[in-house]
1. Please work out which one of (1) outside any helix (DSSP H, G or I); (2) buried (at least 24 other Cβ atoms within 10 Å of the Cβ); (3) not acidic (Asp, Glu) is the condition residue 491 fails and give its number.
2. Just a yes or no: is a residue in the stretch 189-201 among the polar types (S, T, N, Q) and open to solvent by less than 40 Å² (accessible area, probe 1.4 Å)?
3. Output the helices (runs of 4 or more DSSP H) that fall wholly within the stretch 614-694 and possess 3 or more residues being of a type in the set (Phe, Trp, Tyr), or say none.
4. Need pairs with beta-carbon distance below 9 Å; first residue under 13 Å from residue 53 (Cβ atoms) and within the stretch 186-197, second open to solvent by 60 Å² or more (accessible area, probe 1.4 Å) and of a type in the set (Phe, Trp, Tyr); sequence gap 6+ or separate chains.
5. Do we find that residue 628 is buried (at least 20 other Cβ atoms within 10 Å of the Cβ), in contact (Cβ under 8 Å) with a residue 40 or more places away in the chain and among the small types (Gly, Ala, Ser) in this structure?
6. Considering only residues of the stretch 459-515 that are small (Gly, Ala, Ser), over 24 Å from the mean Cα position of the chain (by Cα) and at pLDDT 90 or above, which is farthest from residue 564 (Cα to Cα)?
7. Looking at the stretch 126-145, can you tell me whether even one residue there is of a type in the set (Val, Ile, Thr), under 15 Å from residue 276 (Cα atoms) and either out of contact with any Asp or Glu (no Cβ under 7 Å at 6 or more places or on another chain) or surrounded by 22 or more Cβ atoms within 10 Å (Cβ to Cβ) (or both)?
8. Test residue 555 against the stated conditions and say whether it is open to solvent by 50 Å² or more (accessible area, probe 1.4 Å) and either within 24 Å of the chain's Cα centre (by Cα) or in contact (Cβ under 8 Å) with a residue 40 or more places away in the chain (or both).
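The values are calculated or read from the model by the stated rules, or taken from the named source; none is laboratory data. Computed from a predicted structure; not experimentally measured. When we count neighbours, we look across all protein chains shown, and the Cβ atoms used for this are built from the backbone with ideal geometry, even at glycine. Quick note on the areas: whole protein, heavy atoms, side chains included, nothing else; ligands and nucleic acids left out. Shrake-Rupley method; radii C 1.70, N 1.55, O 1.52, S 1.80 Å.
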Amino acid sequence: MNRLLPRGSRARTVALCVATLVAAGVFTQLVLPGSSGAHSRGAPAAILFTGVVLGLVNSLTAAGLILVYRTSRVINFAQTALGVLGATFVFDMVQLTKVPFVIVLPIGLALAALAGAVFELLLVRRFFYASRLVLTVATIAAASVLATFSPALVRALPFIPYSHASLAEASGAASVRNFLPLAGFTFHLGSLRLAFGFPEVFAIDASIVALLLVGAFFRYTRAGIAVRGLAENAERASLLGVSVGAMSMIVWVIAGLLGGTSAILTGAILVPSQVRGFAPGLLLAALVAAVVARFRSLPIAVFVSIVLGVITQAAQWSLRDDLPLVTVGMFIVILVALLLQRRADGRSEDGAGVGWQAVDEQRPIPKELASIGSVRAARIALVALGAAIVVAYPFLVGTASVVLGGNVALTTIIILSLVVLTGWSGQVSLGHYGLAAVGAAVAAALTAKVGVPFWISIFVAAAVAGGVAILVGLPALRIRGLFLAVTTLAFGLAITGVLFNDRYFGWMLAKDVKRPTLVLLNFEDERSMYYLCVAALALAIVIVVNLRRSRLGRTLIALRENEANVQAFGIAVVRTKLTAFAISGALAGFAGAVFAFQQRGIVANSFVATRNVDVFLYAVFGGVSSVGGALIGSLWYNVTAYFNFRDPLLSTIFKSSGQIFVLLLLFVAPGGMISLLNRVRDGVLRIVAQRRQIVVPSLFADYDADALERKLIPLAPASDLEGLATLAPGERFALRSELYHGHGERIADKLRPPKPTVEAAVIGAAAESLQDRGATVDVIDAFGEGGVRD
């Protein structure tokens with residue numbers, strides 16, 4: 001093929017497109033069995049037409065993803081959420097106020113464009129030169145916030161008459177076809193009496209016009225050409241006089257318009273609820289098209305979107321009892337597309353910057369202060385207080401709160417798995433709760449179906465989850481970028497739909513599991529189970545802490561910071577990252593295995609797909625680089641999910657506080673809440689250092705010697721031969737010098753100001769002699785940083 005159809009040639013692209021169309025036709029008409037009661041195999045023409053329309057509409061979302069990635073090198077997981085505000089406004093207005101669709105449509109698109117502009121001003125411009133992973137996290141958090149609060153913002157408008165009846169009407173479960181123009185116009189295709197009308201025709205026309213306008217803008221306008229230059233190399237475009245900020249704003253406004261158009265058209269064709277919230281189904285289909293197009297070619301993305309829409313609708317028509325297989329098929333397409341793609345070699349791809357450089361690891365207490373009695377006593381007291389709270393907790397609260405405590409411990413283990421993968425290795429995973437589901441299902445099946453003891457099944461389940469993590473992460477490592485996030489998102493959506501379906505794994509799911517026993521201990525009691533969860537957390541912490549201190553942990557940190565340098569030292573990058581995937585997946589599977597026994601069985605509601613994104617965001621909220629951050633994120637996540645308020649708006653804000661705080665913390669403390677606690681602790685230690693007049697470079701790294709001297713103000717006159725008084729004023733901060741004499745046993749003799757050496761005296765005499773002869777001589781201070789030897 002490479003000889004007849006070289007790579008990159010137009011003939012090769014056309015040939016692949018024709019082959020894809022033929023394969024899609026064979027699959028939809030010959031392979032699929034058709035719906036029950038149909039007279040022939042395959043999908044009817046009406047279903048194929050629906051797939052073409054929905055695929056064409058979804059290509060707008062794929063186009064927005066590609067535009068953002070080409071200019072900002074970030075996968076915009078908020079692409080569908082950008083259009084939620086405008087779509088909600090349009091649908092609520094046409095249903096509740098009877099305002100014509102042609103009037104509210106431009107306003108809805110303007111709101112979507114405004115959402116894109118605000119997103120660019122607040123987040124993209126702030127993190128334009130930061131790590132791309134930081135901006136990707138911002139898009140994930142912003143997607144959750146926009147999806148949650150867009151309906152509330154629209155319903156706060158005073159001119160929309162909401163009531164209990166109208167709220168039920170605007171919930172999005174019913175079609176809005178009757179509120180659109182030409183409501184009585186319908187037509188049919190083929191033998192299937194499926195009614196089409198204005199929504200389908202308008203969707204085709206609007207999608208084609210939008211794609212043509214985007215293409216014309218980038219081809220024939222100066223701003224479009226400048227954006228194309230920005231997509232190739234942002235730094236070079238800036239040197240050539242291109243306003244990077246203005247071009248970025250244009251791209252995100254266009255992305256908002258495309259997202260709003262896609263959301264409005266999809267809700268008009270189907271029902272408005274299909275585009276409410278995070279809309280992972282629509283986003284996943286667009287991501288599949290973008291991945292196949294390598295986030296480069298808009299025409300290929302449009303073509304793939306249409307073909308994928310046809311295949312998806314035909315499969316849903318023929319396999320009505322196997323709808324989860326559609327998501328599995330998308331996951332497989334992503335895996336195959338990544339496996340078949342080559343590594344990018346261009347400089348534009350090298351700027352993708354996937355390292356998580358916003359971490360703030362919890363530093364130990366400086367060794368200069370660790371031996372001080374008050375510091376050591378405070379540390380012991382805090383550890384003892386924490387241990388006392390953990391031990392006494394189940395005796396101070398009710399049964400429900402005891403279960404909550406166990407959930408906190410197990411969720412912390414899952415977040416610890418993200419610490420290994422994201423905090424250390426710098427890879428985003430939006431499917432780790434799916435790995436926990438794998439561990440839960442395997443452990444419960446081994447114990448309930450096979451009879452394997454709990455103490456063996458949980459570790460077998462952890463190993464299985466680690467193997468699955470390797471299979472999920474392997475394709476994404478073949479190319480640079482943030483594609484692991486796409487793969488894991490697809491995995492998280494697919495595994496929850498298939499694993500808990502009795503049609504596929506009913507033989508494996510153990511809905512009733514007995515809790516374990518150990519000698520005389522019986523964990524049927526909630527308190528004892530709580531202590532078992534805490535013991536599992538303690539084991540996970542020991543593993544993670546020792547891993548961080550090992551050679552593998554240090555190598556992962558180096559990979560996060562600079563992958564090219566690590567590879568230059570002969571370290572196998574892919575193998576090292578796969579090891580991190582295996583360990584991370586095993587930790588998540590271990591947590592899920594214990595969780596299955598805590599819940600006394602497998603329940604699908606405990607592993608909903610949205611928890612994959614929630615766990616990741618709360619890991620970032622607490623601090624994705626440390627054990628303390630994992631505990632903070634888990635505690636906040638479970639507490640906000642447990643408590644409810646009577647006021648719906650207040651309850652929504654409280655439950656979404658983690659996503660909101662993630663956005664705020666990216667501005668002030670990208671390292672999460674643990675970084676703020678580190679700052680408070682360092683402030684206290686600085687006070688201790690000032691009182692003791694101890695020089696601690698790690699606490700005063702940002703100060704020069706004069707500023708540090710002003711910080712170390714003595715509270716009382718120092719006695720002779722103690723503290724800084726033993727050093728000369730100019731030498732108090734020269735901690736080490738080769739000119740110093742004294743090798744005696746008394747510390748005072750070591751700290752006493754030294755006398756100049758013979759070598760220094762000779763140099764001084766020579767300098768004076770030269771100056772007497774009229775020469776200009778620069779004499780190095782003999783008591784400076786050992787410079788006299790030079």
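1. The failed condition is (1).
2. Going residue by residue through the stretch 189-201, those that are among the polar types (S, T, N, Q) are 191.
Remaining after also requiring open to solvent by less than 40 Å² (accessible area, probe 1.4 Å): none.
No, the conditions are met nowhere in the stretch 189-201.
3. Details: elements: 627-642, 648-655, 657-668, 673-692.
Where helices (runs of 4 or more DSSP H) fall fully within the stretch 614-694 and carry at least 3 residues being of a type in the set (Phe, Trp, Tyr), they are 627-642.
4. Cβ pairs passing all conditions: 197/185.
5. On the way: buried (at least 20 other Cβ atoms within 10 Å of the Cβ): no; in contact (Cβ under 8 Å) with a residue 40 or more places away in the chain: yes; among the small types (Gly, Ala, Ser): yes.
It is false that residue 628 is buried (at least 20 other Cβ atoms within 10 Å of the Cβ), in contact (Cβ under 8 Å) with a residue 40 or more places away in the chain and among the small types (Gly, Ala, Ser).
6. Within the stretch 459-515, the first condition is being small (Gly, Ala, Ser), and the residues that meet it are 461-463, 465-467, 469, 473, 476, 481, 485, 490, 492, 494, 497, 506, 510.
Adding the requirement that they be over 24 Å from the mean Cα position of the chain (by Cα) leaves 461, 463, 506, 510.
Now drop any that are not at pLDDT 90 or above, which leaves 461, 463.
On the way: 461: 35, 463: 30 Å.
Among residues in the stretch 459-515 that are small (Gly, Ala, Ser), over 24 Å from the mean Cα position of the chain (by Cα) and at pLDDT 90 or above, the one farthest from residue 564 (Cα to Cα) is 461.
7. Residues of the stretch 126-145 of a type in the set (Val, Ile, Thr): 134, 136-137, 139-140, 145.
Applying the additional criterion that residues be under 15 Å from residue 276 (Cα atoms) yields 145.
From what is left, the residues that are either out of contact with any Asp or Glu (no Cβ under 7 Å at 6 or more places or on another chain) or surrounded by 22 or more Cβ atoms within 10 Å (Cβ to Cβ) (or both) are 145.
Yes, the stretch 126-145 has at least one match.
8. On the way: open to solvent by 50 Å² or more (accessible area, probe 1.4 Å): no; either within 24 Å of the chain's Cα centre (by Cα) or in contact (Cβ under 8 Å) with a residue 40 or more places away in the chain (or both): yes.
Against the criterion (open to solvent by 50 Å² or more (accessible area, probe 1.4 Å) and either within 24 Å of the chain's Cα centre (by Cα) or in contact (Cβ under 8 Å) with a residue 40 or more places away in the chain (or both)), residue 555 does not qualify.
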